[in-house]
């Protein structure tokens, strides 16, 4: 049976990471609509949440390295897996913002050039 502290820490990680995923998904939706300012704002919120989850994990690991009793917990392992998966999703979304900003700028430049050629 899992002790209460481990369960609470695990759930805090899962909840913060889950909130981060919601913001990450909102960022991806904003990218779909070429709303890069909104995407960046959502990624910032996602990052704030994932940092909170990471702090809980770090506190648990630090406690263990300082001699606090701990036992293996499937729930805590799941929480760590969730944290790292969503952290990866955030990193990919950040990269996608940069990729699509460049793509959007190149497309706009081509469209402007095409319009200028039509007016000549």
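Numbers below:
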item: Extension gain from residue 37 to residue 117, taking 0.36 nm per residue of separation minus the Cα-Cα distance; result: 25.7 nm
item: Efficiency of FRET from Cβ geometry, residue 92 and residue 58, R₀ 25 Å, rounded to 0.05; result: 0.65
item: Whole-number Å³ per residue for the convex hull built on Cα positions in the chain; result: 86
item: Order by protection proxy (mean Cβ within 10 Å, highest first), peptides 15-21, 31-37; result: 15-21, 31-37
item: Sorted by Cβ neighbour density within 10 Å, fewest at the top, the residues 103, 87; result: 103, 87
item: Sequence-separation-based contact order of region 4-118, relative, with Cα cut under 8 Å and 6+ spacing, percent; result: 37
item: Segments 55-66, 70-81, 108-119 sorted - mean Cβ within 10 Å per residue, highest first; result: 70-81, 55-66, 108-119
item: Kirkwood hydrodynamic radius of region 1-55, from inverse mean 1/r over distinct Cα pairs, in Å; result: 11.8
item: Amide N of region 25-47 lying under 18 Å from the label point, which is placed 7 angstrom from the Cα of residue 108 along Cα→Cβ; result: 30-41
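Each reported figure results from applying straightforward, stated rules to the coordinates on display, with no laboratory input. These numbers were taken from a predicted model, which means no experiment stands behind them. No Cβ is skipped: glycine too gets one built from the backbone with ideal geometry, and neighbour counts run over all protein chains shown.
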